[in-house]
Amino acid sequence: MSAAIAAGPAPDGPTTLLVIAKEPLPGRVKTRLSPPYEPAEAALLAEAALTDTLWAVRAVPARRRVLVLEGRPGPWLPPGFEVLPQCAGGLDERLAAAFAACTGPALLVGMDTPQLTAGLLAPALGPGGWQGCDAWFGPAADGGFWALGLAEPQPGLLRGVPMSTAGTGAAQRRRLVAAGLRVRDLPELLDVDTAADAVRVAAAAPGSRFAAAVDRLGRRVPPQREPAAEESGAGARPRSASPGGGGRPCRPAN
């Protein structure tokens, strides 16, 4: 654990930080890790990824730190976070609702990039982060995005963007530019969707809880198999390409 984490949360800043996530329950999260991991093991990796993400967010300046959660918080949640339930609807609606709950600048990240560090977020959260900038965009290697920041909440910029496709990130960035926003980019990161992704991300974050969990469970290679009919051609199931790592409707807000 770093000195910054041990010393408590980072000081206040102008930006609300949002983490959109699902409760790490077996069979509900990181299902593409199975095989080679069992559902309970995939949930352990998801919990480690979420925990690393939350502590990284806790270590940077923020006006508010908000976990937008499908499910219930657990002992993995560090202090200093508000918890809001995800709204009902598609992922675009849930992301839009997360921004609608904010005033002023807000930056949203998902739970699928445990290699996230304070340094990666620093350009958007520094003193000049919003000077001459209306939006921040963090592309994901699978064609989605791992971070999205808006100087002013504009939920309509997310509604209707096709989620969980290889073109999600490009479509979302085009939407920002078409609205006349000045967009700055954060570095590209790899989401953890498959066992191969898990190994690569663990190697990129050797001191993380996620890397420790991968090492404890073993760096596994999924069995080779012929593509199923529904996984080939135009009907192929895409990689998760958006924050939160899920496309299921969530529990209604209450």
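The values are calculated or read from the model by the stated rules, or taken from the named source; none is laboratory data. Here the structure is a predicted model, which means the values were calculated and not measured. Positions of Cβ are backbone-derived with ideal geometry, glycine not excepted, and every protein chain shown enters the neighbour counts. Heavy atoms of the whole protein, side chains included, go into the accessibility calculation; ligands, DNA and RNA do not. Shrake-Rupley method; radii C 1.70, N 1.55, O 1.52, S 1.80 Å.
What the table below lists for this structure:
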quantity: Selection within the stretch 26-48 - open to solvent by 60 Å² or more (accessible area, probe 1.4 Å) and closer than 20 Å to Leu84 by Cα; calculated: Arg28, Glu47
quantity: Within the stretch 135-171, considering residues that are among the small types (Gly, Ala, Ser) and part of a helix (DSSP H, G or I), the one least open to solvent (accessible area, probe 1.4 Å); calculated: Gly169
quantity: Pairs where the first residue, in the stretch 8-30, is more than 15 Å from Pro79 (Cα to Cα) and the second is among the β-branched types (Val, Ile, Thr) and not in a loop (DSSP other than H, G, I, E, B), C-beta under 6 Å, 6+ apart; calculated: Ile20/Val68
quantity: Qualifying residues in the stretch 1-22 (those that are part of a loop (DSSP other than H, G, I, E, B) and open to solvent by 40 Å² or more (accessible area, probe 1.4 Å)) - the one modelled with the highest pLDDT; calculated: Pro14
quantity: Subset of the stretch 61-76 that is among the small types (Gly, Ala, Ser) and in contact (Cβ under 8 Å) with a residue 60 or more places away in the chain - its residue that is farthest from Thr51 (Cα to Cα); calculated: Ala62
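To keep it simple, each residue is scored yes or no on (1) touching a strand residue (DSSP E or B) at 6+ places or on another chain (Cβ under 7 Å); (2) open to solvent by less than 60 Å² (accessible area, probe 1.4 Å); (3) of a type in the set (Gly, Ala, Ser); (4) at pLDDT below 95.
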| position | (1), (2), (3), (4) |
| --- | --- |
| Leu69 | yes, yes, no, no |
| Arg72 | no, no, no, no |
| Trp76 | no, yes, no, no |
| Leu84 | yes, yes, no, no |
| Leu91 | no, yes, no, yes |
| Thr117 | no, no, no, no |
| Gly128 | no, yes, yes, yes |
| Cys133 | yes, yes, no, no |
